[in-house]
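Visitor: To start, I am sharing the structure in question, which I have written as structure tokens.
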Amino acid sequence: MIRTLTLALLAAPLATASAQTVQKCCGTSNSTFLLGNLGTAPHTQSLYLPGDLTNAVAGEITRLYYRYGTTGVANGNTLGDLLVRMGQTTATAFTGGNTFFTGLDTVLQLATFDIAPGTAGDWFVIPMQTPFPFDPAQTLIVDIHFTNSTTTNFGCYGTANNDRKLYSLSPTDITGNTTSTTWQDIGFDVNTSTGLEEAGALRTIVFPVPTEGELMVQVDNGPATAVEVLDLHGRSLPVTALAQPGAPVRLDVAALPAGLYLVRVRSEDGRTGQARWIKR
């Protein structure tokens, strides 16, 4: 069934034009060793292999997303001197198991960065100042460092760290520690624009894919005022939609059987868009 959404909620700034959300998702292991812990792990470097990511396409990474964990998230966090660097490699592991990759590109450098209070399992965004050219056939390196953290127990969700993440105190360290048990989930928007837009289409992004209980719907060239979930026979399904200012629309799909579905969005002027997704 279609749930009508107010224009203001979906008109808030979202991703850049022609963006597609890429993800490594979804774990339930909480760790402060990414965007919280200051005394042990203010510097992390994580690897994401091509096989780790869904919806991966070539283009420019414009935004990073991480998932709120279970500790400190109700307080949010303010990071001081946040530095985010990225790179790519054909390697599938750290050299010697503990050597940081160097020669990375700086994509974000801010004196302070605020992470709003949130709820475990939800996504929050870190916009890039400089887009990073992404090749889905290569391993992505994401390197993060900060010098201050107001919520040192701020946690992010992830899965087991199977030699995919190092941590240390300084961004200039040559080697890092491998004992962090959690390798954080990640999402990112890829701008695939060629300068040509499809006439009349609403660009619709859904994540996480696959999902079990909640599906996020993002329209990046809206506004859209209605969201509908369909089965592959085109039948509309009863799904509740929740919209909040500045955030993707959240659909409760927990009651749907496992399988392949469509999300369709519509604007007041008659434009539509859709995306496929999988219920696990």
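The values are calculated or read from the model by the stated rules, or taken from the named source; none is laboratory data. Everything numeric here is computed off the predicted structure, so don't read it as measured data. Neighbour counts run over all protein chains shown; Cβ positions are idealised from the backbone, glycine included.
Visitor: Kindly provide the set of residues from the stretch 228-254 that are over 22 Å from the mean Cα position of the chain (by Cα) and either surrounded by fewer than 18 Cβ atoms within 10 Å (Cβ to Cβ) or not in a strand (DSSP E or B) (or both), ordered by number.
Guide: Leu230, Asp231, Leu232, His233, Gly234, Arg235, Ser236, Leu237, Pro238, Val239, Thr240
Visitor: While we're looking at this one, here's another question. Output the number of residues of the stretch 255-280 satisfying the condition of being in a loop (DSSP other than H, G, I, E, B) and closer than 20 Å to Glu214 by Cβ.
Guide: The qualifying residues number 5.
Visitor: Looking at the structure I just gave you, is Phe132 farther than 15 Å from Asn75 by Cβ and of a type outside the set (Val, Ile, Thr)?
Guide: When the stated conditions are applied, Phe132 passes them.
Visitor: Do you know which residues across the stretch 131-142 are out of contact with any Ser or Thr (no Cβ under 7 Å at 6 or more places or on another chain) and either in a strand (DSSP E or B) or buried (at least 18 other Cβ atoms within 10 Å of the Cβ) (or both)?
Guide: Correct list: Phe132, Pro133, Phe134, Leu140.
Visitor: If Val206 satisfies all but one of (1) at pLDDT 80 or above; (2) at positive phi, what's the number of the condition it fails?
Guide: Evaluating Val206 over (1) at pLDDT 80 or above; (2) at positive phi leaves (2) as the failure.
Visitor: Which pairs do you get when a residue that is over 21 Å from Pro171 (Cα atoms), found in the stretch 106-126, comes within reach of a residue that is crowded, with 16+ Cβ neighbours inside 10 Å and among the charged types (D, E, K, R), reach meaning Cβ atoms under 7 angstrom, with the pair 6+ apart or on two chains?
Guide: What qualifies is Gly121/Arg67; Asp122/Arg67; Trp123/Arg67; Val125/Arg63.
Visitor: Which of the residues belonging to the stretch 256-280 are of a type in the set (Gly, Ala, Ser) and under 23 Å from Asp220 (Cα atoms)?
Guide: Residues satisfying the conditions are Ser267, Gly270, Gly273, Ala275.
Visitor: Can you list residue pairs whose Cβ atoms sit under 7 Å apart, with the first residue in the stretch 175-187 being farther than 17 Å from Gly36 by Cα and the second being of a type in the set (Val, Ile, Thr)? Count only pairs 6 or more apart in sequence or on different chains.
Guide: What qualifies is Thr175/Thr99; Gly187/Thr21; Gly187/Val22.
Visitor: Just to check your reading of the model, which residue among Tyr157, Tyr167 is surrounded by 14 or more Cβ atoms within 10 Å (Cβ to Cβ), in a strand (DSSP E or B), among the hydroxyl-bearing types (Ser, Thr, Tyr) and over 15 Å from the mean Cα position of the chain (by Cα)?
Guide: So the residue among Tyr157, Tyr167 that is surrounded by 14 or more Cβ atoms within 10 Å (Cβ to Cβ), in a strand (DSSP E or B), among the hydroxyl-bearing types (Ser, Thr, Tyr) and over 15 Å from the mean Cα position of the chain (by Cα) is Tyr167.
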